[in-house]
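Remarks on the structure that follows.
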Amino acid sequence: PQKTSFHRSQTLGYRNGFAFFRLPTAGVGGERLYVNQLSEAELEELSNKRPTLTYGPAKQAPPLGFTPAHVAFDKKVLKFDAYFQEEVPLSAVERYRVRQVTIYYYLEDDSMSVTEPVVQNSGIPQGTLLRRHRVPKNEHEDYYHWKDLNRGMNITMYGRTYHIVDCDAFTQMFLESQGVEVNPPEKMISDPYTEMRRMPPHKYITPSDFDQFKQFLTYDKQVLRFYAMWDDTNSMFGENRPYIIHYYLADDTVEVQEVYKQNDGRDPFPILIKRQRLPKTLVDKTMTFPSCVLEISDQEVLEWYTAKDFAVGKSTTLLGRTFFIYDCDEFTRNFYRDKFGIKDFQPVEVKKKQLEEVPRVIPPYNGFGILEDSLQNCFSLLPKPPRKDIIKMLENDHKVLRYQLALESPNPEDRKRRFILSYFLSNDMISIYEPPVRNSGITGGKYLGKTRVAKPGSTTENATYYEPSDLTIGSTIEVFGHRFVITDADEYVLNYMESNAESFPVATLQSLRNHFHSRQVVKETANSDIAVPGTSKQELDELIVQVQEELKFYKHLNNKNIREAFLQCDKEGSGTLDKATFLALCDSLSVPTNIILLNKLIDLCSSGEENINYHDFLRAFPS
């Protein structure tokens with residue numbers, strides 16, 4: 001209380017411009033300190049450090065050898081046998097289940113793992129129950145140590161309690177070397193449900209005198225083979241079908257296999273009746289038994305089929321089908337000879353009914369597609385296209401014969417229609433085209449696509465088609481019910497036939513020559529210089545009649561309008577028009593001045609070089 005000075009002593013000093021720390025010489029308030037004073041022992045130690053201060057500190061001796069834990073305890077594992085109980089809540093047979101496990105403790109890193117041996121068909125996920133890691137012991141982040149493991153104790157890991165019953169020799173030796181007192185081993189508890197399953201079931205049925213096991217050992221792999229026929233000819237499309245009946249002596253089962261031949265047209269199902277016991281005589285009450293749903297047991301059967309029910313030359317009914325046994329193999333003969341004393345095994349000759357050969361009837365041609373192409377559907381399920389003449393196609397490629405046709409019809413409007421027939425030499429096909437005519441009321445265009453046209457009276461067995469030799473001038477052809485008359489042909493037709501005269505009849509070639517000769521004469525006469533005064537009235541009248549016949553095919557012409565137009569144009573009433581005005585007026589009225597006969601008429605009506613007498617010209621257009 002009497003102290004009045006509380007200052008502290010200075011501990012910071014400077015020497016040669018560098019700050020350094022020094023021990024305080026006095027305490028608070030200037031009191032004397034005894035703490036920082038050196039003792040006599042310390043002074044003695046400082047006196048002995050003169051060599052160290054001069055030569056430096058002496059080298060220390062190397063430490064003793066150190067071995068880390070992962071090297072010292074490598075591959076050293078403690079093994080404990082344990083078990084735990086698992087509740088089975090939804091079972092009427094067991095309330096709990098005992099599961100045996102093995103606990104491994106790894107000394108190198110203090111980790112643990114739990115493994116359950118795998119049992120086949122147990123239905124329980126087994127194997128590694130707890131993977132290897134350090135297992136926490138409590139909530140204070142403590143981990144299990146090997147000191148916590150011993151026989152006869154319980155350990156809890158993640159809410160599951162394991163009871164340790166035993167350990168191996170290495171574990172016991174290690175624990176005793178570390179000073180741990182090892183408890184005596186206990187007996188492993190087994191699962192009660194598993195022990196109950198291992199017990200033989202109690203049999204309530206008194207075994208019979210017949211030993212099925214002895215039958216199996218005696219007749220194993222011994223099979224009786226019978227060759228049978230099933231007559232199904234009474235049903236539609238039925239036939240006699242061969243089968244093989246196998247009778248297995250080991251368990252009195254029967255199997256029926258089908259016999260297939262090459263190209264018999266049937267799916268290769270290997271078995272008709274699978275291997276099973278077949279009932280021979282059923283109980284009366286089984287008439288209402290749902291055999292298609294439930295299996296037939298011994299309670300519904302009075303007698304089963306046995307080996308004595310099969311014999312060569314007899315019929316046997318199996319599941320509603322009657323099989324006639326006509327032969328058997330050598331083993332079956334020996335078995336019946338030794339077992340039943342039967343020696344007559346004469347095979348029965350089975351005669352197959354000869355199938356009636358049904359004649360192939362080709363249906364009539366329906367008009368769709370090409371005849372040869374449609375005919376292939378009658379020969380095969382997968383029709384192939386008819387074979388083509390490739391050489392003919394290459395030689396006659398782009399070679400087409402063209403003809404002019406007139407429709408033969410009672411209708412006068414149809415008689416005036418003109419068509420162009422194209423005959424393709426590469427494939428003998430015909431196409432018909434109708435040139436469009438303005439204001440005719442008939443839509444022109446394609447009349448018939450490329451196809452082969454059969455002659456009238458041809459059949460599917462002997463089909464004949466139109467050829468170039470059949471297409472003559474003036475001849476009539478029938479195309480799908482329509483009759484056409486050939487009125488003209490292309491000059492290429494005559495040139496082609498003359499170059500291949502040996503391939504065509506003389507009549508066809510002569511008709512084309514006569515037609516083109518007459519046309520050439522008319523053309524030369526029209527082009528010749530004929531004076532009007534020297535023209536006879538009879539020749540003019542004949543030419544006018546020919547022009548009228550030719551103009552009948554041009555229905556768009558209106559004769560009344562043509563006559564009125566010429567009369568209005570001749571204002572002076574001279575009866576003649578200059579040639580330029582005449583031709584311009586014809587073009588405006590759509591008069592076909594490019595026709596040969598019409599050009600000839602115009603030339604005959606010319607009165608001089610530049611004037612044309614239109615009165616004689618209008619005679620070709622009667623009102």
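Taking all protein chains into account, the per residue accessible area for the chain stands at 70 Å² (1.4 Å probe). Note on the stretch 129-283: with neighbouring protein chains present and a 1.4 Å probe, carbon and sulfur make up 51 percent of its accessible heavy-atom surface.
Once Rh is set to the Kirkwood radius over Cα pairs, what Stokes-Einstein translational diffusion coefficient, in µm²/s, holds for the chain at a temperature of 25 °C and a viscosity of 0.890 mPa s?
Details: Rh = 42.7 Å.
D, rounded to a whole number, is 57 µm²/s.
The 3J(HN,Hα) values that the Karplus relation (6.51, -1.76, 1.60; θ = phi - 60°) gives for the stretch 562-571 are, in residue order, 5, 5, 5, 5, 5, 5, 5, 6, 8, 5 Hz. Gly and Pro appear as x. Distant-in-sequence amide contacts of residue 272, defined by a placed amide H-H separation under 5 Å and a gap of 5 or more residues or a different chain, comprise 256, 257, 258. Counting every C-alpha pair in the stretch 212-340, the share spaced more than 21 angstrom apart comes to 48%.
Computed 3J(HN,Hα) for the stretch 380-386, one whole-Hz value per residue from the Karplus formula 6.51 cos²θ - 1.76 cosθ + 1.60 where θ = phi - 60°, is 8, 5, 10, x, 10, x, x, glycine and proline marked x. Among the trypsin sites (Lys or Arg not before Pro) found in the stretch 416-525, those both in a DSSP coil and sparsely packed, with 15 or fewer other Cβ atoms within 10 Å of their Cβ, are 438. List the residues, sorted by chain then number, that are 5 or more residues from residue 342 or on another chain and whose placed amide H is less than 5 Å from its amide H. HN-HN under 5 Å from residue 342: 337. Can you work out the Karplus-derived ³J(HN,Hα) for every residue in the stretch 55-64? Use 6.51 cos²θ - 1.76 cosθ + 1.60 with θ = phi - 60°, whole Hz, and x for glycine or proline. The phi angles translate into 9, x, x, 6, 6, 7, 5, x, x, 5 Hz. Between the exposed loop cleavage positions of the chain, defined as GluC sites (Glu not before Pro) in a non-H, G, I, E, B DSSP state with at most 11 neighbouring beta-carbon atoms within 10 angstrom, the longest gap is 182-294.
Which shape class applies to the stretch 363-440: rounded if a/c is under 1.5, otherwise prolate when a/b exceeds b/c and oblate if not, where a ≥ b ≥ c are the square roots of the Cα gyration tensor eigenvalues? Here the stretch 363-440 falls in the oblate category.
Holding the Cα-Cα limit at 26 Å, pick out from 560/600; 416/571; 280/351; 450/552; 261/308; 388/455 the pairs that are longer than that.
Values: 560/600 22 Å; 416/571 36 Å; 280/351 29 Å; 450/552 30 Å; 261/308 31 Å; 388/455 21 Å.
Violating the 26 Å limit, Cα to Cα: 416/571; 280/351; 450/552; 261/308.
The spacing between the stretch 60-115 and the stretch 452-468, judged by their C-alpha centroids, is 99 Å.
Write out the chymotrypsin sites (Phe, Trp or Tyr not before Pro) in the stretch 158-236 meeting two conditions: DSSP loop, and at most 15 other Cβ atoms within 10 Å of their Cβ. Please report the intermediate quantities before stating the final value.
Details: sites: 158, 162, 170, 174, 193, 204, 210, 213, 216, 219, 226, 227, 230; in loops: 158, 204, 210.
Sparse-neighbourhood loop chymotrypsin sites (Phe, Trp or Tyr not before Pro): 158, 204, 210.
For residue 283, the amide hydrogen comes within under 5 Å of the amide hydrogens of 301, 302, counting only partners 5 or more places away or on other chains and with H modelled in the peptide plane.
The values are calculated or read from the model by the stated rules, or taken from the named source; none is laboratory data. Predicted model only: the values in this text are computed from it and were never measured. All Cβ positions, even for glycine, are placed from backbone atoms using ideal geometry, and neighbour counts span all protein chains on display. Please note that ligands, DNA and RNA were not included when accessible areas were found on the heavy atoms of the full protein model with its side chains. Shrake-Rupley method; radii C 1.70, N 1.55, O 1.52, S 1.80 Å.
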